[in-house]
Structure formats: structure tokens, C-alpha cells
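I'd like to ask you about the structure that follows.
The values are calculated or read from the model by the stated rules, or taken from the named source; none is laboratory data. Keep in mind that this is a model prediction, so the values were computed, not measured. Please note: Cβ atoms are built from the backbone with ideal geometry, for glycine as well, and neighbour counts cover all protein chains shown.
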Amino acid sequence: MFMPYRLGAIGVGGNSAGHLRRFLAMPEVDVVGMADPSDTSIANARSNVDGLDGVPVYADWRDLLAATDLDLALVSTPHTLHYEHVMGALDAGLHVLCEKPLAHTPELAQEIADHAKALGRHVVVGFQRRFSPGYTYMRDRLQSSDMGDITHVQASQWQAWIGAARGKWRSTLALGGGGQLSDSGSHLMDMLLWTTGLRVAEVDARMRTYDLEVEVDGAAVLLFENGAIGTLSIIGTGHTFGERLAVVAGGGAIRADWASGGVEVILEDDLEAKATREVEGLSGGTNPDDHFLAVIDGAAPNGSPPEDSVHLLEVLAAIRQSSVSGQREFVSRT
């Protein structure tokens, strides 16, 4: 007899809505519980997501785990709470889909990765760009032999982050663990590392906080272990949302332009024509929720494992340290 997976949602504010809609549409999944200390977040979730009216609610996530027989957990809570919630779900024997960033320090991310491996549980991190056809094409091209060694990387992102974050948990160190760099900026840094396969050795960075306690704007020069250099620019005082990742290698160059809504345009050098062309006809792709289920079912390897978050968080920590020290910093290894 077919028995659907039983999923509990830890945190139902903001980003959880899209995840919950997709899980509710899956015949393989039953959403059987929600935990959130905010009555407003619970009410908004029920108002914005069809199918949640009869789902039991808990103010404390521990009560959700104790009272409900679960197989899966969705963690979509403030960043600094991810570690506690993911580890608690793993200890309860659950597979976990966690919103990015996995944790707010590389040490905590490594602990999660080690704990999941020891327990034989899957943790998938919700970096949705990893499942887009455009970025997947970019990664495949950059890691093909004819592209040669990567020599330069340029990454930038801009959005009206400061206005949206001011007065909310994302603008606090206690819950956000950092600002724009940890929030939307972690998507860009993940794409930089994932598509290129590079590791960062040194950084030289500066950041501005304006009237907040976390970074809003930032710029960094990156030196990679293979000798390549690059720049990272995170702009939280922008007016619209946009993102660009450009990579130059010995055998060509490729660029991704990504706008709000998740539609990326891939542009690649045509060396014979000495021109840049748009790559058309890209298809396929998935989302973190469908991928999470495929990983659990053994139908796909984990495309966003917790181990990958460790170096990302090492780089973010070095960028922040460089901004404080005012000098170049080496990226520490966890």
C-alpha cells in the first residue's frame, strides 16, 4: 500500500509559501504539521497557501517533532536558527530541506554535514539556481575540457534590500547572522563556486552598513587557489533586482544575467565569429522541493548537499573579517 511521506514545516513565514505549495501538490507528500511562534505567520500561510486550513499548528518546533510522526522536515526560519532546527530534525530521524544559508558559520555547517552522514539522513540546501537549466548549462560548459583553465570571474548583484530588510529579522545579527551577503548574496556566491568549481584562497573586501548592524553593500577582490582572480559586488541599496556572473577561461567566456522571477539569460563567446551569442533552447530544470523528493527516493544524487555550504560560509566569513581588518585575509579551512 502506498504511504506518502509525512512532512512537517518548521517556520512558515515568507519563503516557505512556495515550498509548501509545491509539497501540497505532490501525491507523495502529506503536510501534517506546521510550527511557528508567530500567529501572524501562521495566519498568512493559511491565507496565502491553499490546503493548510486543517493542518495542525505548533508554537514550538519541538512540539511538532514530538507530537507528529514525520518523515521529512522543511526548515524555513531566520538564518541563525537553521542549525538548531536542522540538527533537531536529524535527531528525530528526518530528511531535511533547509532554506539557504544552511547555517551562519562554516563550523556549524560542517557539523550538520557530519551529523547527517552519521545518521544516514539527507539534507538538501535550497539553492534553487542549481536546478535551473541556464546555470546548469553554464556549469557544464565551464567544467568541459575545451574551456580550459578559468582566469577571471566577475559577479555582481543589486536589489532594494535595505528598505525591505530594515526593521525585520534579516537586518539583525542575532537572527540574520549577517546582511545582504548572507541573504540574497549567498545565492550569487553559491553560483560562483558551483559553476566554476573553484575555491577561494584570499579576499580583500570592504562593506557598508549604513544605519543597520549588518552589511548592506560590499565589494571584494577574490584570489582563487588555481591562480584566477575575480571580483564580487553585492549592492543592497539598488532599486531593482538583477544579477550577473561572468567567467573568462582559456577557451572562451560565458555569462549569466539573472533577473527577478528566475529567468536567466546565458551568453557565450563564439570564438570563430568573434562575437557573443545567446544560448537558446535551454530546457529542463527542476526546483529544490522536487529535487529533495528525488534524492530521498534514490532517483537523483544530492545536487545541493550540506558539504558544499562549508566553503561558501568560509568565504563569507573571510570577506567580513577583511572588511573589519581593512586588509587582505586568507580563507580559513574548517
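Could you grab the pairs with beta carbons closer than 8 Å, sequence gap of 6+ or different chains, first residue in the range 265-292 and among the hydroxyl-bearing types (Ser, Thr, Tyr), second one surrounded by fewer than 12 Cβ atoms within 10 Å (Cβ to Cβ)?
276/270
Please go through the range 20-48 and give me each residue that is under 21 Å from residue 81 (Cβ atoms), of a type outside the set (D, E, K, R) and under 25 Å from the mean Cα position of the chain (by Cα), ordered by number.
The answer is 20, 23, 31, 33, 34, 35, 37, 38, 41, 42, 44, 45.
From the list 213, 225, 243, which residue is among the acidic types (Asp, Glu) and surrounded by 21 or more Cβ atoms within 10 Å (Cβ to Cβ)? Can you show your working first?
Details: 213 fails: surrounded by 21 or more Cβ atoms within 10 Å (Cβ to Cβ); 225 fails: surrounded by 21 or more Cβ atoms within 10 Å (Cβ to Cβ).
Selected residue: 243, the only one of 213, 225, 243 that is among the acidic types (Asp, Glu) and surrounded by 21 or more Cβ atoms within 10 Å (Cβ to Cβ).
Test residue 204 against the criterion of being in a helix (DSSP H, G or I) and acidic (Asp, Glu), and give yes or no. Spell out the reasoning first.
Values: in a helix (DSSP H, G or I): no; acidic (Asp, Glu): yes.
When the stated conditions are applied, residue 204 does not pass them.
When you look at residue 309, is it assigned by TED's automatic domain parsing to the domain that holds residue 220 and at pLDDT 95 or above, yes or no?
Working: assigned by TED's automatic domain parsing to the domain that holds residue 220: yes; at pLDDT 95 or above: yes.
Yes.
Which one of these is exposed (fewer than 15 other Cβ atoms within 10 Å of the Cβ) and at pLDDT 95 or above: 174, 205, 155? Talk me through it step by step, then tell me what you get.
Details: 205 fails: exposed (fewer than 15 other Cβ atoms within 10 Å of the Cβ); 155 fails: exposed (fewer than 15 other Cβ atoms within 10 Å of the Cβ).
Checking each option against the conditions leaves just 174.
Shifting gears a bit: Under 7 Å between Cβ atoms, which residue pairs at least 6 apart in sequence (or on different chains) link something in the range 35-55 that is surrounded by 16 or more Cβ atoms within 10 Å (Cβ to Cβ) with a partner that is aromatic (Phe, Trp, Tyr)?
Final answer for the pair search is 35/58; 35/61.
Here's a follow-up. Got at least one residue in the range 123-143 being more than 18 Å from the chain's Cα centre (by Cα) and among the small types (Gly, Ala, Ser)? Break it down stepwise before answering.
Residues of the range 123-143 more than 18 Å from the chain's Cα centre (by Cα): 137, 140-143.
Those left that are additionally among the small types (Gly, Ala, Ser): none.
Among the residues of the range 123-143, not one is more than 18 Å from the chain's Cα centre (by Cα) and among the small types (Gly, Ala, Ser), which makes the answer no.
Does residue 310 qualify as being crowded, with 17+ Cβ neighbours inside 10 Å, within 19 Å of residue 189 (Cα to Cα) and of a type in the set (Val, Ile, Thr)?
Yes.
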